[in-house]
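A short write-up of the structure that comes next.
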Amino acid sequence: MKKGKNVFDSKTWEKKLQEFWVNEKIFAFDFKSHKKIFSIDTPPPTVSGWMHVGHALSYTHKDLIARYKRMAGFNVLYPWGFDDNGLPTQKYVENKIGKKASDYDRDEFIEKCLKETRDIEEKLMRIWISTGISPDFDIQYRTIDERARRISQKSFIDLVDMKRAYRTTAPILWCPECRTAVAQVELEDKEKGTFFYDVTFELEKGRKQFTISTTRPEFLPACVAVFYHPDDKRYKSFKHERAVVPLFDLTVPVLEDKRVDMEKGSGIVMCCTFGDSMDIEWWKAYSLAYRDLLTEDGKMSHLAKRYAGKTIKEAREMIVKDLKKEKKITGERKIKHTVNVHERCGHDIEFVIKKQWFIKYLDLKDKFLELGNKVKWYPKYMKNRYVNWIKGLQWDWCISRQIPYGIPFPVWYCKRCDHIILANQKQLPIDPLKDNPPIQECPKCHYTEFIPEKDIINTWATSSLTPDIVRDIISKKNKGLSRKLIPFSLRPQAHDIIPFWAFNTIVKSWFHHKKIPWNDIMISGWGLDPKGKKMSKSKGNGIPPKEVIEKFSADALRFWAASVRSGEDVWFSEKEFIAAQKLITKMWNAFSFLKLHLKGNIKKPKKLEEFDKYMLLKTDKLVADCTKAFDEYDYGKVKLDAENFFWHVFCDNFLEILKSRLYGKDAAARDSARYVLYTCFLKVLKIFAPILSHITEAIYQEYFKSIEKKKSIHISDWPKANKIKDKTLEKKGDKFLEILTKVRQEKAKKNKSVKTEIRLTLPKEDKKLLKEMLEDLKSVTQAKEIKEGKLSINLL
RNA sequence: GGGCCUGUGGUCUAGUGGUUAUGACGCCACCCUUACAAGGUGGAGGUCGCUGGUUCAAUCCCAGCCAGGCCCACCA
């Protein structure tokens with residue numbers, strides 16, 4: 001073989017193999033197999049823009065497991081899906097076409113959304129495939145497709161029947177920018193600078209003045225009460241009085257409540273509908289009046305009188321100015337405080353009262369905690385996030401959203417009495433704006449006109465049904481099989497959506513099946529950009545996978561993904577990609593060496609050389625370790641162990657030691673070497689297959705396939721670790737390597753080539769121990785002879 | 001305020017209640033050795049965040065503290 005560069009051509013090979021996998025349906029779920037099923041509740045990526053390597057990271061984690069399980073003998077159900085309905089997708093479309101939903105009529109806009117999502121999904125699909133993932137693309141869904149709409153609407157109707165879904169007027173979190181209700185989980189914290197104003201109020205009787213500190217003076221027109229702490233001596237005398245709100249001439253009750261913080265501001269606080277969640281608590285507790293201050297787009301209502309129609313910001317500025325004019329502001333301090341903003345648009349969240357659909361579940365907190373305990377969490381501590389979230393829940397789940405693009409509620413209301421009319425289950429999916437209700441007249445008041453629901457069902461209420469959607473696909477081909485899929489084997493997902501997706505899926509699974517949705521949950525971290533910030537579509541700091549794949553390779557991307565411990569975030573750094581490329585080159589070169597020596601039949605020889613037995617033993621140890629690690633979803637350990645073993649044990653030592661026999665004349669000794677070379681390399685290759693999926697497949701296709709007969713390494717059998725009975729074997733081999741290291745040290749110290757010949761003297765017991773390995777030791781150390789005595793290495 | 005995670009050579013990282021603490025990148029010296037110079041061999045470099053405790057023995061277990069990150073709550 002000629003000296004020179006021998007690099008694995010990732011570009012050509014990866015593309016070729018990816019096509020091969022898809023065309024040959026290597027990863028197809030087998031509907032007829034009797035093998036045990038391993039089912040994965042794959043996260044359908046949200047269609048809201050281009051993906052980045054952070055996405056590829058967590059999808060590769062799932063893929064590592066899928067590929068391992070397939071080789072480990074499971075019939076792997078690894079579906080694919082897109083989450084392409086609701087606000088995130090609508091926002092993407094609005095940005096793409098440069099127009100708002102309100103610029104179109106509803107149907108036209110929905111058409112636009114459907115077209116745009118189809119377009120980008122097709123392109124995204126190609127990128128996903130280029131990362132080397134291995135789902136069965138014939139088992140695929142979209143959360144906007146007919147199946148998902150049917151299942152989501154059915155879930156909703158079932159929940160109404162169970163008295164779990166209910167419609168009510170209640171304070172909800174409202175985004176004035178998106179003009180829709182949002183859920184608690186969609187909030188983000190943002191620190192903002194603002195002013196703390198000391199506003200002068202007075203008591204109705206006696207005109208006694210007092211100060212209330214507030215950050216939101218624009219809420220004065222919605223003030224419904226003021227509160228002080230019952231132990232606060234300063235305000236004891238205010239009991240049963242009424243206060244006058246400045247500028248607006250409202251009078252409101254003065255009330256005592258121990259939730260007031262005496263230390264904050266002046267110790268007396270106004271309650272408005274609704275400045276914050278505390279206001280809601282008081283409003284409920286004391287059945288206070290409701291003053292509807294904000295319109296849907298976040299402007300002041302008629303209650304604000306001459307400030308009506310102004311935005312919150314404008315109204316605040318004007319009211320402050322006017323208060324100052326009347327000398328009603330006695331102090332103002334600049335402060336920083338955290339406010340809730342909508343994670344999708346960053347706009348401040350307000351509270352308003354509206355009719356919305358809710359799912360009642362606060363009474364089931366204990367149940368959900370119990371279900372969380374039944375699921376096995378990897379890593380374990382991630383369960384805390386689930387527990388923490390449930391403990392902090394204080395709202396029922398608001399599932400209605402006031403946007404056009406999504407799954408409609410299958411509901412009409414009687415125009416006269418507001419009676420709820422549900423669609424017939426057999427009709428589903430339906431759109432109440434287009435379809436007629438299943439009855440002619442209202443069963444309650446016999447009126448014959450109905451109002452269709454315009455709201456849509458929030459995305460999470462649909463995506464929490466992914467196991468049901470996949471089961472539905474399966475049941476179309478094999479009804480019995482789908483029943484075996486409760487629960488699924490594994491839910492893989494990232495940690496940021498534990499309160500959304502993991503939790504909601506458990507909730508729905510309990511309501512509909514009274515079971516946990518999956519046995520295991522594996523949590524992935526985020527990809528962080530080189531500065532340590534989370535890569536995100538909206539921040540635009542995501543690195544596109546294409547960049548990495550073109551510069552390095554898909555295998556390098558997978559290697560990077562496998563270098564993280566489950567659940568931990570990982571910084572993007574090129575170091576790991578460079579290391580991966582080096583490993584790939586090393587593997588390809590080792591393969592060239594193998595090809596030279598493994599021509600012709602490979603048979604297990606009658607007698608194995610002693611060192612070769614040791615090689616098998618060490619390789620099997622690696623197999624055992626990696627199998628255990630993979631079974632615990634610890635791909636990071638597999639990657640680490642396999643890399644170390646392959647490079648430093650297999651290549652640096654084993655291959656060097658085998659060389660003399662491979663090039664030598666003794667046929668029996670050579671056959672023994674050839675056999676272990678073949679066996680060990682194939683085992684190592686298989687261990688790497690889930691991680692470096694392309695190069696291992698390329699090597700398999702080029703050489704091993706013709707002998708092993710499986711179509712692809714990815715459906716070949718996972719290696720087995722044989723038990724070796726000989727207890728001294730490991731000791732012998734370890735001693736061998738220890739002596740080899742000493743010889744190398746000696747040569748390096750003297751600045752000599754490793755080819756330098758030596759005279760080796762070994763202590764009696766070592767020489768005896770290595771009795772059967774002396775020939776190998778001689779050749780690898782270039783020893784002319786091995787004598788007995790005090791350990792010494794003489795360079796010749 | 002509550003909870004969780006992390007802290008190991010310059011950088012990234014493995015790991016264990018018990019000899020000299022793993023590997024990579026970088027650094028230094030040497031070596032063209034018939035798979036590979038994108039290689040090989042060897043080397044320098046660490047009080048394993050700090051302070052106590054448990055123990056014959058702690059980087060590892062416990063407590064407190066410090067630093068970084070995350071989740072939740074509060075946010076008049």
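Selection within the range A:738-794: residues that are among the β-branched types (Val, Ile, Thr) and loosely packed, with under 14 Cβ neighbours inside 10 Å. The member of this set that is nearest to residue A:649 (Cα to Cα) is A:741. Filtering A:305, A:327 for residues that are part of a loop (DSSP other than H, G, I, E, B), over 41 Å from the mean Cα position of the chain (by Cα) and more than 13 Å from RNA strand B (Cβ to nearest atom) leaves a single hit, A:327. With respect to (1) in contact (Cβ under 8 Å) with a residue 40 or more places away in the chain; (2) under 31 Å from the mean Cα position of the chain (by Cα), the lone exception for residue A:383 is condition (1). The set of residues from the range A:560-575 being more than 7 Å from RNA strand B (Cβ to nearest atom) and assigned to a helix (DSSP H, G or I) comprises A:560, A:561, A:574.
Condition check for residue A:255 on (1) touching a Cys at 6+ places or on another chain (Cβ under 9 Å); (2) more than 16 Å from RNA strand B (Cβ to nearest atom); (3) over 28 Å from residue A:176 (Cα atoms): one failure, at (2). No other residue among A:364, A:371 is more than 25 Å from the chain's Cα centre (by Cα) and in contact (Cβ under 8 Å) with a residue 60 or more places away in the chain apart from A:364.
Residues of the range A:521-535 include none that is modelled with pLDDT of 90 or more, hydroxyl-bearing (Ser, Thr, Tyr) and over 22 Å from the mean Cα position of the chain (by Cα).
On inspection, residue A:555 fails the criterion of being closer than 30 Å to residue A:386 by Cβ and either of a type outside the set (Gly, Ala, Ser) or at pLDDT 90 or above (or both).
Counting residues in the range A:371-380 that are among the small types (Gly, Ala, Ser) and within 16 Å of RNA strand B (Cβ to nearest atom) gives one or more.
Answer yes if at least one residue in the range A:749-766 is out of contact with any Lys or Arg (no Cβ under 9 Å at 6 or more places or on another chain), among the hydrophobic types (A, V, I, L, M, F, W, C), under 30 Å from residue A:7 (Cβ atoms) and within 16 Å of RNA strand B (Cβ to nearest atom), and no otherwise. Within the range A:749-766 (the criterion being out of contact with any Lys or Arg (no Cβ under 9 Å at 6 or more places or on another chain), among the hydrophobic types (A, V, I, L, M, F, W, C), under 30 Å from residue A:7 (Cβ atoms) and within 16 Å of RNA strand B (Cβ to nearest atom)), the answer is no, since none of the residues qualifies. Picking from residues in the range A:672-717 that are in contact (Cβ under 8 Å) with a residue 60 or more places away in the chain and of a type in the set (Gly, Ala, Ser), the one that is farthest from residue A:645 (Cα to Cα) is A:712.
Of all the numbered requirements in (1) more than 13 Å from RNA strand B (Cβ to nearest atom); (2) surrounded by 14 or more Cβ atoms within 10 Å (Cβ to Cβ), residue A:695 misses one, and that requirement is (1).
Let's see how each residue does on (1) in contact with a strand residue (DSSP E or B) (Cβ under 9 Å, 6 or more places away or on another chain); (2) closer than 30 Å to residue A:342 by Cβ; (3) part of a helix (DSSP H, G or I); (4) charged (D, E, K, R):
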{"site": "A:69", "(1), (2), (3), (4)": "yes, no, yes, yes"}
{"site": "A:76", "(1), (2), (3), (4)": "yes, no, no, no"}
{"site": "A:109", "(1), (2), (3), (4)": "no, yes, yes, no"}
{"site": "A:120", "(1), (2), (3), (4)": "no, yes, yes, no"}
{"site": "A:123", "(1), (2), (3), (4)": "no, yes, yes, yes"}
{"site": "A:127", "(1), (2), (3), (4)": "no, yes, yes, no"}
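Set side by side, the residues A:15, A:32 differ, and just one is out of contact with any strand residue (DSSP E or B) (no Cβ under 9 Å at 6 or more places or on another chain), in a loop (DSSP other than H, G, I, E, B), charged (D, E, K, R) and away from RNA strand B (no atom under 16 Å from the Cβ), which is A:32. Restricting attention to the range A:175-207 and to residues that are in contact with an Asp or Glu (Cβ under 6 Å, 6 or more places away or on another chain) and closer than 30 Å to residue A:256 by Cβ, the residue that is surrounded by the fewest Cβ atoms within 10 Å (Cβ to Cβ) turns out to be A:195. Could you check the range A:384-410 and list, in sequence order, the residues that are within 17 Å of residue A:430 (Cβ to Cβ) and of a type in the set (A, V, I, L, M)? Passing the criteria: only A:407.
From the list A:30, A:105, pick out the single residue that is without any contact (Cβ under 8 Å) to a residue 12 or more places away in the chain and among the acidic types (Asp, Glu).
So the residue among A:30, A:105 that is without any contact (Cβ under 8 Å) to a residue 12 or more places away in the chain and among the acidic types (Asp, Glu) is A:105.
Within the span defined as the range A:19-28, one or more residues are more than 19 Å from residue A:550 (Cα to Cα) and among the basic types (Lys, Arg).
Which of the residues spanning the range A:542-559 are farther than 20 Å from residue A:494 by Cβ, small (Gly, Ala, Ser) and away from RNA strand B (no atom under 14 Å from the Cβ)?
Residue satisfying the conditions is A:554 alone.
Tell me yes or no: at least one residue of the range A:200-221 is farther than 20 Å from residue A:331 by Cα, touching a strand residue (DSSP E or B) at 6+ places or on another chain (Cβ under 7 Å) and within 16 Å of RNA strand B (Cβ to nearest atom). No, the range A:200-221 contains no residue that is farther than 20 Å from residue A:331 by Cα, touching a strand residue (DSSP E or B) at 6+ places or on another chain (Cβ under 7 Å) and within 16 Å of RNA strand B (Cβ to nearest atom). One residue stands out among those in the range A:258-280 that are over 15 Å from residue A:197 (Cβ atoms) and among the small types (Gly, Ala, Ser): the one that is nearest to RNA strand B (Cβ to nearest atom), which is A:277. Criterion applied to A:468, A:496 was being at pLDDT below 95, within 30 Å of residue A:525 (Cβ to Cβ) and charged (D, E, K, R), and the one residue passing it is A:496.
The values are calculated or read from the model by the stated rules, or taken from the named source; none is laboratory data. Treat the numbers as computed from the prediction; the structure is a model and nothing was measured. Here the Cβ is made from the backbone with ideal geometry for all residues, glycine too, and neighbour counts use every protein chain on show.
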